[in-house]
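K.L.:
Below you'll find the structure I mean.
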Protein chains: 6
Amino acid sequence: MLIKIINPNTTLSMTAKMTDCARAVASADTRILGVSPAMGPASIESYYDEALAVPGLLEEIISGEDEGCDAYVIACFGDPGLYAAREVANGPVIGIAEAAMHYASLIAPSFSVVTTLQRTCGMAWHLAERYGMERFCRNVRACELAVLELEDPHSDARRIITDECRRALDEDGAEAIVLGCAGMADLCSAISDDIKAPVIEGVTAAVKLAESLLTLKLQTAKRGDYARPLPKLYSGILQNFGAR
Amino acid sequence: MLIKIINPNTTLSMTAKMTDCARAVASADTRILGVSPAMGPASIESYYDEALAVPGLLEEIISGEDEGCDAYVIACFGDPGLYAAREVANGPVIGIAEAAMHYASLIAPSFSVVTTLQRTCGMAWHLAERYGMERFCRNVRACELAVLELEDPHSDARRIITDECRRALDEDGAEAIVLGCAGMADLCSAISDDIKAPVIEGVTAAVKLAESLLTLKLQTAKRGDYARPLPKLYSGILQNFGAR
Amino acid sequence: MLIKIINPNTTLSMTAKMTDCARAVASADTRILGVSPAMGPASIESYYDEALAVPGLLEEIISGEDEGCDAYVIACFGDPGLYAAREVANGPVIGIAEAAMHYASLIAPSFSVVTTLQRTCGMAWHLAERYGMERFCRNVRACELAVLELEDPHSDARRIITDECRRALDEDGAEAIVLGCAGMADLCSAISDDIKAPVIEGVTAAVKLAESLLTLKLQTAKRGDYARPLPKLYSGILQNFGAR
Amino acid sequence: MLIKIINPNTTLSMTAKMTDCARAVASADTRILGVSPAMGPASIESYYDEALAVPGLLEEIISGEDEGCDAYVIACFGDPGLYAAREVANGPVIGIAEAAMHYASLIAPSFSVVTTLQRTCGMAWHLAERYGMERFCRNVRACELAVLELEDPHSDARRIITDECRRALDEDGAEAIVLGCAGMADLCSAISDDIKAPVIEGVTAAVKLAESLLTLKLQTAKRGDYARPLPKLYSGILQNFGAR
Amino acid sequence: MLIKIINPNTTLSMTAKMTDCARAVASADTRILGVSPAMGPASIESYYDEALAVPGLLEEIISGEDEGCDAYVIACFGDPGLYAAREVANGPVIGIAEAAMHYASLIAPSFSVVTTLQRTCGMAWHLAERYGMERFCRNVRACELAVLELEDPHSDARRIITDECRRALDEDGAEAIVLGCAGMADLCSAISDDIKAPVIEGVTAAVKLAESLLTLKLQTAKRGDYARPLPKLYSGILQNFGAR
Amino acid sequence: MLIKIINPNTTLSMTAKMTDCARAVASADTRILGVSPAMGPASIESYYDEALAVPGLLEEIISGEDEGCDAYVIACFGDPGLYAAREVANGPVIGIAEAAMHYASLIAPSFSVVTTLQRTCGMAWHLAERYGMERFCRNVRACELAVLELEDPHSDARRIITDECRRALDEDGAEAIVLGCAGMADLCSAISDDIKAPVIEGVTAAVKLAESLLTLKLQTAKRGDYARPLPKLYSGILQNFGAR
């Protein structure tokens, strides 16, 4: 099976990193295609960035359908464009926040999310509510690290994140940690070893959910909200989006 | 004060109609600027359409800041891009679903939404939850009219919508109706007269909320989630969005 | 249009103060009538006070109907008698807690309420729940100032309240403040300037909501819960309430 | 122990009936004092009636404290003035809706309320939410019987109510019935026999809860919201309420 | 009437203690039968212990039916086997967590639970949600005392629990305390005297609820979820459970 | 990896059937061990059956630890003993209701559960709430088929279930179906083909979740609620449960 991982920002080092992480957990018969969109922001740290990452992401879903992709992973913790992508794709589409939170709820009574900037914490709470995971989420904590600092080998990101994870266990009473940024994917097992508690990271988690759905022959329901978009006129620089 | 009403779809007859409705209720010292984006879909009837309407909408918010706009109304019942717009604008930004639901909750114990296509009902429920209005919302009912049928003078839209409103009162036990599409703005008072119950329409409602916030000197909070987006590199056909 | 602001307590200096605040934001064609009931408590700081403020308040609604009032504001943060008033009045009736919370939810991701005595905080939470605003309300904080201390020019009320507002921003993570007493109406803009965050006050907020509803020709729904009370025998010192 | 049952309306035949029902279940060492207030409405069928029943009810609580009452039952299904009464009384105060819903939740997975007029159903839902009983409440159904029709021996009330109870079992899937009016107290066991399901009536239920609290030596908490009201000036025909 | 109190653990000193407490509050015409099962754990401090206490508990319910028991109390704060017991018994079955939380909600705006080990706090939250009492529950606090330490006269249990109760009042803002273990039944009034706030203990509370239900002639609803279990084959050491 | 599927009832034909279904979806390197307990009920159709299935289930978990099992599936839609099993096992433990509901929420906006007897519908709702899946669950529908009728080749089970699934799509507006009994595992793809909508079945779903967790090296959190049970004395026929 062919799973396309779309990093909705345009920072290719991050895309490469998360593709590596995905391949490390994928089944032998799964091919992972990791991409970034041709348009949009270099990192996603606001509703504005998130909204403007979606057209490029949808372009990758549309092209993925032609490329024979069986499923998709949206690899940004805000799960941007998730429902729109489900309308367009034939196969399953999984967001990494969604995947991480679901798995966390299966192995621990509660979890805390440890993410980048404070201003994005509200988004994570919104997602937790939307997915039914609010009742398991003790807290959403920010490290005040910008997304791209995670790409800087000289930043102190790993230590800062690990410390925040420890505080989540101690202060929130959480029993597990969800990492709140795809850029943290490579830190998952090291942090888990350090804090001696489960740490769930969404990219790998979403790949396994997507594979599972494919094995179970479960596709997105096409009656109701996730039916294919109606064809219609699109204008301006987005006019090609009408030509699916 | 200058209030910009952004119809996030590109159908100008709809924009003109809602601008007229807005002007009819605006205060004497309010100027209404009604626009549609230069890019995006002709109508919004899916998550896909909604996501792709947002870049054009944000472009109008950005230009509005230069044009001296004091506040903005997002005139599509899905309130697309609402939080992103709040980050970018200095003044208040109001969605029409938000406005209509809030006013409805002030004059009736409960309301039902009457909207266009069944596939959009889930979106309206999501908004009701997000705004705290779920507890007032008895039902979201579709007429199975496409948005652009509302623009067709030969369609039977008014009768169909009125009938659905009546069913909402009778079957749902709602005491008021919220019209679930900006394209229904001109039908509001006629339907209210017919069904003898309050009918709330979001475009006019949002204009009055925006005016009120300006009179009360209340601007969007700029600490936290609605702080201005961080400047960063944007790529591809969306690159200008990085140049604010 | 004629809007009657009813301060449900009998302290006329407070009534005068809030009437001034209301007039400062009212539209040119709005007349504000500020009154206190002829019976009831000098301040409202308990369920007991609140319950006993309602007959006098309803008397003012009933007389307001004869006086040609178009809408009513209930100017106590507990919104006493709101639903009963809606049954009796033909025009809209708005509570100040309701108004302030609704506006706060439009300009900030969350708010904290800063009120007078700790023992009234539970009431504010009840209202937040009733209005669907609980999800936006981070905290309800008391200053331990009695209502009438707000009328004492020698009290340190402004400083105490401002300090509590600052703590709300810092400790609760709220992005906006709702002032929890009509007696704080005159402090609103000064505190907002001091803390550099939006501060919403209910009397002025409710006036603008009432005006807006009137402009939108939206009256209280008279089917269902807010239908006019059935005529019936009333006894004792309240017998006149049966003679509407 | 002395338990005062306050029928908050002034219809003495109803007071007598519920007093009889209460005595039939009271313990041997319990004295029941059944009263109606000296002021207020003949029946309670709106928020307006409810609000205006409260002063008379509170007068009975205040006098009850002098009379040596150990606990109080508020015998109207809207539980009017419950929190105010708890502030004033030293002993427990129980509302009949509260009592009936609590007991129902102990013997059945869910219940439906069968009450008088449709316009009061919203009140019952509000109470269910306030008491945490919403999750057990399948429906609130009206018989469209006025309260005082229950007092008319020639009305067909018993049959109408029984039929509605049967529909509640069949259509709502409820396993038990809560009768939604103190005036139905005498019908409880007959209806239960007819429909072959538990029927809970609040007056008798509240008496048993009050007795139990007294035996357990549990008094209303006097820290926080239910602390005694602060003394203050009361004006007009309600001035005596300041003189407690 | 005959009420069987089942301590689901096998520690007979605890059974004796709670039986004494129950008798102290029971009505003159109530006989209390206090028992422990013949099988199962010596104390209940995990989901595992709880699950394995249930067969013995159900055996006591089954034998109770033959013994003429009119009602049952499940005297462990996890209320193990409550719904299964309701299916088997003809009369009411009350859990002590359920009883204590319900009474607490009648006399205080909120309560905190003070229990034994931290690992059981989640169970108490689950019960609070299930019973609709979550909205009244401010916190569940552990003393880190094992259940059997409560039976040790040389432990410092009473002081430790009292201190935690005081913290609950001060830090949680609770107005009443629910004791979270049947082994604390004898400490209830002493702690209440010490902390000057209501302290509710479930064994005595449940006895009074059970007595009340019997007086009100309210039995468990036998349509729906609590209908008698269908007869069927049981195997192995549990085979007798099929022979009811 | 070795995954043990525990059918908590003692009907071996059902165990064989679900083991086959599991093997059909398992990865090449997964061994499936399908078992039924040595004690307990032949089918689970009440809280009573469920409670008495748990000791046998836990015995299988305990022996599984010695057998080198890496993960466990609890193959009854009530997910009996789930939390207790998580305490005892080192590896992940997944319930089939949990698994099916989680997957359903990833591919459809909502689902309905189609199960056996009406009396078990409440259990399914409880689980949906506990897992955060209530917001996705439109309805729980019973076919009024006993569990063991599913094992009878002459029963009309497949047609009856398919018809109920169709009604769920049409009447509930659900976009996907969750089958509410492990005994329906073999009908999943046929029904999906018939109704042209996704049908999710828990046994296979749980196997894939368990495999995924193992690949992701995610074990149950052992701090907090799921810590290993404390060793203690167990009595009677259950005494061996103390000897872990």
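K.L.:
Residues of segment C:25-66 being among the hydroxyl-bearing types (S, T, Y), more than 16 Å from the chain's Cα centre (by Cα) and within 9 Å of another protein chain (Cβ to nearest Cβ), which ones?
P.N.:
C:S27, C:Y48
K.L.:
Filter segment B:199-219 down to residues that are facing chain C (nearest Cβ under 7 Å) and under 18 Å from the mean Cα position of the chain (by Cα) and give me whichever is farthest from B:A108 (Cα to Cα).
P.N.:
Applying the filter and picking the extreme gives B:L213.
K.L.:
Evaluate the following for E:G183: is it more than 25 Å from F:Y48 (Cα to Cα) and more than 10 Å from every other protein chain (Cβ to nearest Cβ)? Write out each step before concluding.
P.N.:
Values: more than 25 Å from F:Y48 (Cα to Cα): yes; more than 10 Å from every other protein chain (Cβ to nearest Cβ): yes.
The answer is yes for E:G183.
K.L.:
For segment F:165-209, name all the residues that are assigned to a helix (DSSP H, G or I), crowded, with 24+ Cβ neighbours inside 10 Å and among the charged types (D, E, K, R).
P.N.:
If the condition is that a residue be assigned to a helix (DSSP H, G or I), crowded, with 24+ Cβ neighbours inside 10 Å and among the charged types (D, E, K, R), then F:K208 is the only one that fits.
K.L.:
Going through segment B:220-239 one residue at a time, which ones are part of a helix (DSSP H, G or I) and either in contact with a helix residue (DSSP H, G or I) (Cβ under 8 Å, 6 or more places away or on another chain) or within 7 Å of another protein chain (Cβ to nearest Cβ) (or both)?
P.N.:
B:G224, B:D225, B:Y226, B:G236, B:I237, B:L238
This table checks each residue for (1) at the interface with chain F (Cβ under 10 Å from one of its Cβ atoms); (2) farther than 29 Å from B:Y226 by Cα.
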site	(1), (2)
A:M101	yes, no
A:G132	yes, no
A:V140	no, no
A:S192	yes, yes
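K.L.:
Related question: So which residues in segment C:111-120 are surrounded by 21 or more Cβ atoms within 10 Å (Cβ to Cβ) and either of a type outside the set (S, T, N, Q) or touching an Asp or Glu at 6+ places or on another chain (Cβ under 8 Å) (or both), if there are any at all?
P.N.:
C:F111, C:S112, C:V113, C:V114, C:T116, C:R119, C:T120, listed by residue number.
K.L.:
Can you find even one residue in segment F:157-174 that is more than 12 Å from every other protein chain (Cβ to nearest Cβ) and of a type in the set (S, T, N, Q)?
P.N.:
There is at least one residue in segment F:157-174 that is more than 12 Å from every other protein chain (Cβ to nearest Cβ) and of a type in the set (S, T, N, Q).
K.L.:
Only one of (1) at pLDDT below 95; (2) within 19 Å of the chain's Cα centre (by Cα); (3) not in a helix (DSSP H, G or I) is not met by A:P153, so which one is it?
P.N.:
It fails just one condition, (2).
K.L.:
Within segment A:204-211, is even one residue among the aliphatic types (A, V, I, L, M) and more than 25 Å from F:S192 (Cβ to Cβ)? Working first, answer last.
P.N.:
Within segment A:204-211, the subset among the aliphatic types (A, V, I, L, M) is A:205-207, A:209-210.
Narrowing the set further to residues that are more than 25 Å from F:S192 (Cβ to Cβ) leaves A:205.
Yes, the conditions are met somewhere in segment A:204-211.
K.L.:
Would you confirm, using the coordinates I've provided, whether E:K217 is crowded, with 17+ Cβ neighbours inside 10 Å and within 30 Å of D:L169 (Cα to Cα)?
P.N.:
no
K.L.:
Are any of the residues in segment F:145-155 at the interface with another protein chain (Cβ under 7 Å from one of its Cβ atoms) and surrounded by fewer than 24 Cβ atoms within 10 Å (Cβ to Cβ)?
P.N.:
no
K.L.:
I've got another one for you. Please work out if B:S13 is touching a helix residue (DSSP H, G or I) at 6+ places or on another chain (Cβ under 6 Å) and not assigned by TED's automatic domain parsing to the domain that holds B:I160. Step through it out loud before you land on a result.
P.N.:
On the way: touching a helix residue (DSSP H, G or I) at 6+ places or on another chain (Cβ under 6 Å): yes; not assigned by TED's automatic domain parsing to the domain that holds B:I160: yes.
It is true that B:S13 is touching a helix residue (DSSP H, G or I) at 6+ places or on another chain (Cβ under 6 Å) and not assigned by TED's automatic domain parsing to the domain that holds B:I160.
K.L.:
Confirm whether C:G81 is in contact with a Pro (Cβ under 9 Å, 6 or more places away or on another chain) and either hydroxyl-bearing (S, T, Y) or buried (at least 24 other Cβ atoms within 10 Å of the Cβ) (or both).
P.N.:
So C:G81 passes the test.
K.L.:
Can you pull out the residues in segment C:118-140 that are in contact (Cβ under 8 Å) with a residue 60 or more places away in the chain and either within 16 Å of the chain's Cα centre (by Cα) or within 24 Å of B:I96 (Cβ to Cβ) (or both)?
P.N.:
C:T120, C:M123
For every residue, the table says whether it meets (1) among the aliphatic types (A, V, I, L, M); (2) free of Cβ contacts under 8 Å to residues at least 40 places away in the same chain; (3) farther than 25 Å from F:K222 by Cβ; (4) assigned by TED's automatic domain parsing to the domain that holds F:R130.
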residue: F:A42; (1), (2), (3), (4): yes, no, yes, no
residue: F:V54; (1), (2), (3), (4): yes, no, no, no
residue: F:S63; (1), (2), (3), (4): no, yes, no, no
residue: F:D66; (1), (2), (3), (4): no, yes, no, no
residue: F:R86; (1), (2), (3), (4): no, no, no, no
residue: F:A89; (1), (2), (3), (4): yes, no, no, no
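K.L.:
State all residues of segment C:1-10 that are in contact with a helix residue (DSSP H, G or I) (Cβ under 7 Å, 6 or more places away or on another chain) and either part of a strand (DSSP E or B) or β-branched (V, I, T) (or both); if no residue qualifies, say none.
P.N.:
C:I3, C:K4, C:I5, C:I6
The values are calculated or read from the model by the stated rules, or taken from the named source; none is laboratory data. Quick caveat, the model's predicted, so the values are computed rather than measured. Cβ atoms come from the backbone with ideal geometry, glycine included; neighbour counts cover every protein chain shown.
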